[in-house]
Number of protein chains: 2
Amino acid sequence: MDVIVGGGVVGLSVAWRMAREGRPVTVVDPAPGKGASYAAAGMLAPVSEVTYTEGPLLRLGVASLRRWPAFAAELAADAGFTAEGGVARAEARALDLRADGTLDVAFGADDMAALGELAAYMEKLGLPVERLTGRECRRLEPMLAPSVRGGLLAPGDAWVDPRRVTAALLAALERLGVPVVRARATGLLYEGGRVAGVRLAPPSSDQEPEHEPEHEHEPEHGPGEVPGEARGEVRGERVVVAAGAWSSELAEVPVRPVKGQIMRLRSPRPLLSRCVRGTVHGSPVYLVPRGDGELVVGATQEEMGFDTKVTAGGLYELLRDARELVPGVTELEVADVVAGLRPGTPDNLPLIGPSGTPGLAYATGHHRGGVLLAPLTTAILLGEESELAALCAPGRFREIS
Amino acid sequence: MDVIVGGGVVGLSVAWRMAREGRPVTVVDPAPGKGASYAAAGMLAPVSEVTYTEGPLLRLGVASLRRWPAFAAELAADAGFTAEGGVARAEARALDLRADGTLDVAFGADDMAALGELAAYMEKLGLPVERLTGRECRRLEPMLAPSVRGGLLAPGDAWVDPRRVTAALLAALERLGVPVVRARATGLLYEGGRVAGVRLAPPSSDQEPEHEPEHEHEPEHGPGEVPGEARGEVRGERVVVAAGAWSSELAEVPVRPVKGQIMRLRSPRPLLSRCVRGTVHGSPVYLVPRGDGELVVGATQEEMGFDTKVTAGGLYELLRDARELVPGVTELEVADVVAGLRPGTPDNLPLIGPSGTPGLAYATGHHRGGVLLAPLTTAILLGEESELAALCAPGRFREIS
């Protein structure tokens, strides 16, 4: 049996794809879906994200985005989410998957130059982008600020609601009979030089989920359902560490927490018809419209250790930058503000695959791309993607040191 | 019996002072303490408040502030709040009453001129103020922004925690055996040309308090404890409408809701030792430090009708202006953001005393001054303050129309 440590989008996706293939699997997480996935905006935007990153991550993102429509359709079906009409497209809608593109806008001459360079790079790679004037940007998105001077449309970029994705994954796991042990894994069990399972923290108040649990689609498993759980352990032939920012507490991985504060606004009618992003006061900000009128504003990037406080400064930056992009956000109600911890790595690429230790594998270090890269991550772990797997091989850090 | 409609600081204070004198009284409110008093910052600052107002309100404020120390001490004692040492000063501390003054600061030449005029006016009235340079301001409050050019210290200004005040008032009423009927008054009962009580709304879900109820010190009274309550009414010889912004739903008073959004930050150690206020981008902002490290940032003033949504724009203004005054707020955790409705009147003065209708009196229209003016309001209603009563006489609006 595989033991997946971590119940975020990555860990749950791995468990779901394994269970689908008939492989026995157990998930261990004190509060599934309430970590970084709970705070995530859900942008599936490898093209516009490349502004702030480089080639290998772009390749991973493009490959994973291509997998998302089928992944979402199969997930919605497995979860039993109501399909409108029963076709794959409608099932995907249950996760609020939309592929209406990202519009990256520029305010000043520097921004314009940066977008121009990005466009040239994209065109060289054969990725579809459209250069737009300020007027063309506002024709697409009339609520944009008058000060927007131009933009770049990545028409293939998409987004999804990560909270619906984790809810669907938990529902699918329940239907497939996969146990989800609600406990914290505190360490690895070894047996004959192999990792043979995880130790669990005793139940206590510090295992409470940080956020209000949503009870829909969450199966409950009391102690004892999984063999060994009553003794404070879960045993298996392989442990997959998918614990995000907390992975370094279990295994020797160069993963650090990168704090992100994010805000959800409530809009009586949609202000935007696609994702909009821009660089304001030197920091990137994005706005993601949901089907239910919610508008997500994200996100700060802070190196603060394991701190998940919502701060005055974080909120201020989000509000200031969102107003610069779309002044109309001022009127919207503040529905929710949370902080999450992204699992950052030294080269911004994830660690996916076998570790150096027998019986131990990783699916962590996804930084800002956990939701986007979840389908590709499962494919790599299941051996369906060998070329891209090399980019994510955990061994690359061992060789350096 | 008197029926007090409204369980904010004003209504509860009136009920408490009456009950103390042995007069039978009942309070009617669907969620006592959860209206404007819940959102209030609790500044007892008649001197610095006068910047934005005029003479009569200043007289009321100064007179009421003088009553606050004894009022607080008696209230804390009646509430049974633990007294440290048993002296009045310690009892007042239970309400977080502090009298360390308000520092009103200026950034630009216009602000400096306005503070100068205010200082001259205060000195003419014989009210103590001190003019300070920017350096002197920062000596008093080292966390102030370097851009502060000067200030005015009102050393007599004070503040109190309004949530502790309502909790104390509810506890005192319980100890005095005063019923608090948790229902909405929907109309007045008449009998022989007199007001003879109030009709109650039937219990329903829309009577839920807007905020999480705090159960401490809140007595519960089921239907039937007050005669007539089971029939959906509370009868009495006199009804005192103290329903704040909602007063106009019960009686013919020129009271309108003025929305205020306010934020509470959590500080590991106090950033300020007194209240600080200033005008930033044309709007007044103030910071009120509480004994427990909380720092209150207030408040927007919006004419939005009965709307209590926390908005992106409101939050943005508070954060932006607070940062200008005290840049260090950036690091603080956001503990709480709420919106409340102040009861505004055409001349910014409250309506206190008998209405034109027999059996009906008012204690409403306190706008931004409900907490400050509560002691004076009770004194006027109990006939202990005749001169200032004239300024608040509800008849002034009848005579005009």
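Brief remarks follow.
- Buried area at the B:A interface is about 1500 square angstrom, summed over both chains, from accessible surfaces computed with a 1.4 angstrom probe.
- Exposure check, 1.4 Å probe, all protein chains in place: B:Met122 carries approximately 0 Å² of accessible surface.
- FRET efficiency, B:Ser283 to A:Arg194 (Cβ-Cβ, R0 60 Å, nearest 0.05): 0.35
- Computed from label points 7 Å out along Cα-Cβ, the spacing between A:Thr133 and B:Glu117 is 4.8 nm.
- Close amide H partners of A:Phe81, meaning residues 5 or more places away or on another chain with modelled amide H under 5 Å apart, do not exist here.
- Helical mean residue ellipticity (222 nm; -39500 (n - 2.57) per DSSP H run of 4+; nearest 500) of the protein assembly as shown: -9500 deg cm²/dmol
- Surface composition of region A:102-155: carbon plus sulfur atoms hold 56% of the accessible area, using a 1.4 angstrom probe and ignoring ligands, DNA and RNA.
- 29 Å tail of the calculated P(r), chain B, as % of Cα pairs: 42 percent
- The phi torsions of region A:58-69, fed into the Karplus equation with coefficients 6.51, -1.76 and 1.60 and a -60° offset, translate into couplings of 4, 4, 4, x, 5, 5, 6, 4, 4, 7, 4, x Hz, rounded to whole numbers, with Gly and Pro shown as x.
- To put it simply, the accessible area of region B:351-401 at a 1.4 Å probe is 55 percent carbon and sulfur.
- Helix A:312-325 and the longest principal axis of the Cα set of chain A meet at an angle near 40°.
- Residue of B:Gly353, B:Gly134, B:Gly298 that the Gaussian network model of chain B assigns the largest fluctuation, springs spanning Cα pairs under 10 Å: B:Gly134
- The mean number of Cβ atoms from other chains found within 10 Å of a Cβ in peptide A:323-332 is 3, as a whole number.
- Vicinal HN-Hα couplings computed from phi for region A:355-365 (Karplus, 6.51 cos²θ - 1.76 cosθ + 1.60; Hz; Gly/Pro x): 7, x, 9, x, x, 10, 10, 10, 8, 8, x
- Rounded to the nearest Hz, the phi-derived 3J(HN,Hα) couplings of region A:248-263 under the Karplus curve 6.51 cos²θ - 1.76 cosθ + 1.60 (θ = phi - 60°) are 6, 7, 9, 9, 7, 10, x, 10, 10, x, 10, 6, x, 9, 9, 10, where x marks glycine and proline.
- Less than 5 angstrom separates the built amide H of B:Asp336 from those of B:Arg264, all sequence-distant by 5 or more or on a different chain.
- Under a 5 Å amide H cut-off, with hydrogens placed 1.01 Å from N, A:Leu97 pairs with A:Asp161 among residues at least 5 apart or on other chains.
- Antiparallel bridge percentage (DSSP; both residues within the protein assembly as shown; nearest 5): 75 percent
- Cα long-axis angle, helix B:9-20 against chain B (0 to 90 degrees, to the nearest 10): 60 degrees
- Cα gyration tensor shape of region B:256-344, rounded if a/c is under 1.5, else prolate or oblate by comparing a/b with b/c: prolate
- Heavy-atom accessible surface of region A:4-69, averaged per residue, reaches 28 Å², computed with a 1.4 Å probe.
- A Förster radius of 56 Å, combined with the Cβ-Cβ distance separating A:Glu54 from B:Leu125, puts the computed FRET efficiency at roughly 0.25.
- The solvent-accessible area of A:Thr133, taken with every protein chain present and a 1.4 Å probe, is close to 70 Å².
- Take B:5-18, A:190-203 and order them by the average number of nearby Cβ atoms within 10 Å per residue, most first; the result is B:5-18, A:190-203.
- Within a Gaussian network of chain B (alpha carbon springs, distance under 10 Å), most fluctuating of B:Leu44, B:Leu332, B:Leu58: B:Leu332
- Rounded to 10°, Cα long-axis angle of helix B:162-175 versus longest principal axis of chain B: 30 degrees
- Euclidean distance between Cα centres, region A:256-314 to region B:250-291, Å: 26 Å
- Peptides B:305-315, A:338-348, B:166-176, ordered by how many other C-beta atoms sit within 10 Å of their residues on average, highest first, read B:166-176, A:338-348, B:305-315.
- Neighbouring Cβ atoms from other chains, within 10 Å of the Cβ of residues in B:313-321, number 6 on average.
- For A:305-311, mean number of other protein chain Cβ atoms within 10 Å: 3
- Carbon + sulfur, % of accessible area of region A:256-344 - ligands and nucleic acids excluded, 1.4 Å: 47 percent
- With the simple model of a label 7 Å out from the Cα in the direction of the Cβ, B:Asp110 to B:Glu21 spans 4.8 nm.
- The residues of region A:256-344 present an accessible area of 32 Å² per residue when probed at 1.4 Å with all protein chains retained.
The values are calculated or read from the model by the stated rules, or taken from the named source; none is laboratory data. Being a predicted model, the structure only gives us computed values, none of them experimental. Note that each Cβ is placed from the backbone with ideal geometry, even for glycine, and that neighbours are counted across all protein chains shown. The accessibility values were calculated without ligands, DNA or RNA, using every heavy atom of the protein model including side chains. Shrake-Rupley method; radii C 1.70, N 1.55, O 1.52, S 1.80 Å.
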